[in-house]
Amino acid sequence: MLSSWVGNECCLWEGIQCDGVTGNVQRLHLKGDWPYPYNHLAANKVSSSLAELRHLKYLDLSGNDFLGSRIPEFIGSLKHLSYLNLSDANFDGIIPPNIGNLSNLKVLDLSSYDSENFLKADDMAWAFGLSSLELLNLSYVDLSGAQNWDMMLHMIPSLKELSLSHCRLSNVNLGPFLNSSRILPNIKHLDLGYNSFKGPLPGLLQNMTSLTFLSLSGFNHSLLAWNFPNLLRMIPSLSELHLSGCGLDKTHLSSPHLNYSTLSNIQHLDLSNNPLGGIFPCFLTNMSSLRVLDLSDTMLNSSVPIMPKLLELHLSGNEFKQIEDVGIWRQCHLKQLRVTNNVFRMEMTDPPTNASECSQYSLELLELSRSLNGRIPETLGGLANLRDLDLSQNGLTGSIPVSIGQVAKLRHLFISDNSLEGAVTEAHFANLSVLKDLDASSNTKLTFNVSRGWIPPFQLISLSLSSSNIGNGFPQWLRHQRKLQWLELSNATLSGPLPTWLRKMPIIPYLDLSHNKLSGSLKNLPNAGNGDVYGLLHVLLLEYNLFNGSIPRSLCRRTYLEGLDLSRNMLSGKIPNCVGNLQGLTAMRLSSNQLSGAIPSSIALISSLFWLNLNKNNFTGEVPPELGNLQSLGVLDLGDNKLYGNIPNWIGKKLTSLVVLRLHKNNFTGRIPPSLCKNSNLQILDLAYNNLTGTIPPCVGNLNGMVVSHSISEHFLDIDDDKNVIQVMKGVDLEYTTTWRMVYNMDLSSNKLEGEIPVELTTLSMLVGLNLSNNHLRGGIPESIGKMMKLETLDFSKNKLSGSIPPSMAALTFLSHLNLSHNNLSGQIPTGNQLQTLTDDPSIYAGNKHLCGPPLQNTCSNHQDSTTTTTSKKKHKAADEKMEVWLFYVDIMSGFGTGFWGVIGVLMFKKQWRHKLFMFAEETMDKIYVAVVVRVAKFKRGRE
């Protein structure tokens, strides 16, 4: 739409209508084009320049994506507004009370059926100013805490349509006005479905004599069970009634409780998701005015009778056993028939030959997905009025009948996920001039065989031919499709370079050419546009091809890009710095290429980025500190590169939303930063194959994401289904795709970590894999390891662990891969439970010479005997050594005694010897004294 917004004459732009005299803008219609998800606007907020349109009467921004921003308060200054629709626009926060200034407003729609975020209201007093309001839709707005809600119900007498489904309302919210008969006398449309009302039917229904539409879906069955007949008598003008999910069964709808005359005006009846069971409710055949009937998920299994005036019939989620039961060939006047998700697969057959055939079928919509098997009948082409045909996700076989090509009114054709085969030719599309959507994907035996010069009669909006056979070259007929918004040709046997004519194609918002053998450069991607508009591309998926060359800088102009996947190609060179212009990007995957250089710091400008895969390239340098600004980042995979330096502290301090951190096989050094323990959402931590040193920080027990499961916002996961996380599990590189959110793993292997295994590690009860192998860890295996009940793979091999294997390890009932080899473990190997299944592989305990017991050949009895013998020898040796020391001291003492008493004994008995000895001692002392005195005297004279 915005491609027409060129030049200065805004009144000529699409979606804008001006006053013919004054030229003032009066109407702004920018509604997103649902169901095409990428034909909408995306912005962080509503531009304040809108406030300058003082004469605006009509504003529709519904179906766009405002990324959880708030409704701007300046909306309340547009006092001429009579129509305001902001539904399904992904607004968040409190409804601004300024909207109450719009006294001319007749239509206000703030509902959020399909948004990720939901609005709230804390005070409904602002609604008192909407004196002209006729339609108010607040479905999915949280009104549970709204004040003055009950007063609002009788302050807007002009109100005719009120929708309040899924608003978390209860009797408390409506206060005394809940049972008032003075409320809303002019109301014609009332939707109170899926709230929390209890007790009798709300008294406010008693005075609604003009009511034609009523939804009480989701009401507690005790509220409606025996009041259903009273409800119908109370509101005789009712023509549309929704009672889905109210717990009604056949006894509540049987004749003793039901006056059929009260049903005569009902044209649309919804009884879906009620346990009616078995036979088709016979009272429905007496409803002469009935045009639309919904009996989905009611456990029906009998034949549906002919109801000549019925136009729409919904029978999904039931238990029919044959297609004839639903009356597909008997309901001649039926325009819509939905029979999806049937419990049994029914064979799609031609009309029975003995049945009265309809002269003409009125069917415009036929949905039979997940309900059929067999072949597509040729007679299906006789449904001349058919516009929508959905046969997807069945077990259909055989070829597609050529008669399909004669259904000239067909707009939407869905035959994906079957086992169809054969050739699809030009004849299959001969008269399909109004076809808009075609999905024939996941039919691997289906081959498209059209001539090279074929010009289709249609202009498609969406085309999905993934996992089918298109041919070797790029389909030439696509060059004539100028309105494509969704093109999915993944795994479609495409090969060769992109054709040059593709470059001149209009930009396709969703383009998936992945899983083919396309080669060459990316310069021929669709690039045409009107004026200077480059912001239409939302998703580009080119993974698993053979593209080479550099990433084109032209991609940086795709400012609306949300998902980019160029992984598994042969791209080289550097990531262009201008990649920071892609500020709406949520997923960027460039893994498994030959990209080099430093990781550009400009990536940090993409504040919405959740998924960043740069693994398996040749990136060098340190991790740019600017990446710490990516506060929405949930997956960071920089593994298998040549990055170096310390693991940055800011990863733990700033990237608090991280779910996956993978730095596998780089050249990181230093210690594991304790700040990583602040990543409370982390469920996969892979730092293996680096040069990390130091100990494992005990704070790893704070990684709460490995203790309790947590959900990840679907907003970041809906770009495509081909996301993947590579992890070494059970000794093998495994690539997790759709199941990666269920993987909880820690891999610190092949580093230089020291110290003991922290006991806090065993509190990470959600871990499925734990690998600490090939380090220098010492000490014992924590006794509490048995608490890690979900462990499937455990590897502590090639360390220096000692002590015994904890008996609690036998409690790991899911353990299927264990490796404790090449340590210093000792004692008996625990037995029992899951460990018994690992007894076929003794290598998991190899290199621990003091271990014994199965599956090792070294039995614990032999081990004990040899140990006892060795211990005995050691004890004897120690005893001998002690004896030798004792004898040594005895010899010394005996020698000393002999010498001492030999001298002293002689002196005691020889008086002459004793006298001579004492004289010798006295003379010696005199000589020493004289010598000392002489030396001291000389010393004193010398000083004088």
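Assorted remarks:
- Hits in segment 487-524 - residues which are over 13 Å from ILE470 (Cα atoms), assigned to a loop (DSSP other than H, G, I, E, B) and more than 29 Å from the chain's Cα centre (by Cα): LEU498, PRO499, MET505, SER521, LEU522, LYS523, ASN524
- Inclusion of GLY531 among residues that are at pLDDT below 95 and touching a strand residue (DSSP E or B) at 6+ places or on another chain (Cβ under 9 Å) is not warranted.
- Residues that are surrounded by fewer than 17 Cβ atoms within 10 Å (Cβ to Cβ) and in a strand (DSSP E or B) were ranked within segment 348-374; the one that is nearest to the chain's Cα centre (by Cα) is ASN373.
- Yes/no for PHE474 being more than 22 Å from LEU389 (Cα to Cα), surrounded by 20 or more Cβ atoms within 10 Å (Cβ to Cβ) and outside the structural domain of ASN527 (by TED's automatic domain parsing): yes
- Residue in segment 405-422 that is surrounded by the fewest Cβ atoms within 10 Å (Cβ to Cβ), counting only those that are out of contact with any Asp or Glu (no Cβ under 9 Å at 6 or more places or on another chain) and aliphatic (A, V, I, L, M): ALA408
- Verdict on ILE508 being among the β-branched types (Val, Ile, Thr), touching a residue at least 12 places away in the same chain (Cβ under 8 Å) and touching a Phe, Trp or Tyr at 6+ places or on another chain (Cβ under 9 Å): yes
- Among residues of segment 48-62, those that are surrounded by 15 or more Cβ atoms within 10 Å (Cβ to Cβ) and closer than 19 Å to ILE95 by Cβ, counted: 6
- Of residues in segment 744-770 being more than 14 Å from PRO697 (Cβ to Cβ) and surrounded by fewer than 18 Cβ atoms within 10 Å (Cβ to Cβ), the one modelled with the highest pLDDT: LYS752
- Within segment 422-443, the set of residues being within 34 Å of the chain's Cα centre (by Cα) and closer than 16 Å to ILE404 by Cα comprises LEU435, LYS436, ASP437, LEU438, ASP439, ALA440.
- Boolean, SER272 is in contact with a strand residue (DSSP E or B) (Cβ under 6 Å, 6 or more places away or on another chain), farther than 30 Å from PRO401 by Cα, buried (at least 18 other Cβ atoms within 10 Å of the Cβ) and not basic (Lys, Arg): yes
- Sole exception among (1) in contact (Cβ under 8 Å) with a residue 60 or more places away in the chain; (2) aliphatic (A, V, I, L, M); (3) under 23 Å from ASP637 (Cβ atoms) for LEU609, by number: (1)
- Residue among GLN360, GLN406 that is touching a Cys at 6+ places or on another chain (Cβ under 8 Å) and either under 18 Å from LEU463 (Cα atoms) or not aromatic (Phe, Trp, Tyr) (or both): GLN360
- Within segment 640-652, residues that are in contact (Cβ under 8 Å) with a residue 24 or more places away in the chain have Cβ atoms under 6 Å from residues that are assigned to a helix (DSSP H, G or I) in these pairs: ASN649/SER675; TRP650/GLY628; GLY652/SER675; GLY652/LEU676; GLY652/LYS678, counting only partners at least 6 apart in sequence or on another chain.
- A count restricted to segment 444-461 and to residues that are within 28 Å of the chain's Cα centre (by Cα) and buried (at least 20 other Cβ atoms within 10 Å of the Cβ) stands at 1.
- Residue in segment 588-604 that is at pLDDT below 95 and touching a helix residue (DSSP H, G or I) at 6+ places or on another chain (Cβ under 9 Å) present: no
- Test result for SER392, in contact with a strand residue (DSSP E or B) (Cβ under 9 Å, 6 or more places away or on another chain), surrounded by fewer than 16 Cβ atoms within 10 Å (Cβ to Cβ) and closer than 19 Å to SER466 by Cα: no
- Scanning segment 615-628 for residues that are in a helix (DSSP H, G or I) and either surrounded by fewer than 19 Cβ atoms within 10 Å (Cβ to Cβ) or free of Cβ contacts under 8 Å to residues at least 24 places away in the same chain (or both) yields a count of 3.
- The residue list ILE647, ILE726 contains one member that is modelled with pLDDT of 95 or more, closer than 25 Å to THR763 by Cα and surrounded by 17 or more Cβ atoms within 10 Å (Cβ to Cβ), which is ILE647.
- Residues (touching an Asp or Glu at 6+ places or on another chain (Cβ under 6 Å) and either part of a loop (DSSP other than H, G, I, E, B) or under 21 Å from PHE66 (Cβ atoms) (or both)) located in segment 119-141: LYS120, ASN137
- Options SER773, SER808, SER797, SER802: the member that is small (Gly, Ala, Ser), closer than 17 Å to THR695 by Cβ and crowded, with 17+ Cβ neighbours inside 10 Å: SER773
- Selection within segment 820-841 - assigned to a strand (DSSP E or B) and surrounded by 21 or more Cβ atoms within 10 Å (Cβ to Cβ): LEU825
- Any chance SER632 is surrounded by fewer than 23 Cβ atoms within 10 Å (Cβ to Cβ) and either more than 20 Å from the chain's Cα centre (by Cα) or farther than 21 Å from LEU692 by Cα (or both): yes
- Here ILE99 clears all of (1) of a type outside the set (D, E, K, R); (2) part of a loop (DSSP other than H, G, I, E, B); (3) touching a Phe, Trp or Tyr at 6+ places or on another chain (Cβ under 8 Å) except the condition numbered (2).
- Any hit, segment 407-417, residues being modelled with pLDDT of 95 or more and either closer than 16 Å to MET346 by Cβ or touching a His at 6+ places or on another chain (Cβ under 9 Å) (or both): no
- Test: residue in segment 326-347 that is closer than 27 Å to LEU465 by Cβ, acidic (Asp, Glu) and surrounded by fewer than 18 Cβ atoms within 10 Å (Cβ to Cβ): yes
- Leading residue by the ranking (farthest from ASN516 (Cα to Cα)) among those in segment 462-477 that are among the hydrophobic types (A, V, I, L, M, F, W, C) and either in contact with a Gly (Cβ under 9 Å, 6 or more places away or on another chain) or modelled with pLDDT under 95 (or both): TRP477
The values are calculated or read from the model by the stated rules, or taken from the named source; none is laboratory data. Here the structure is a predicted model, which is why all the values come from computation and not from measurement. When we count neighbours, we look across all protein chains shown, and the Cβ atoms used for this are built from the backbone with ideal geometry, even at glycine.
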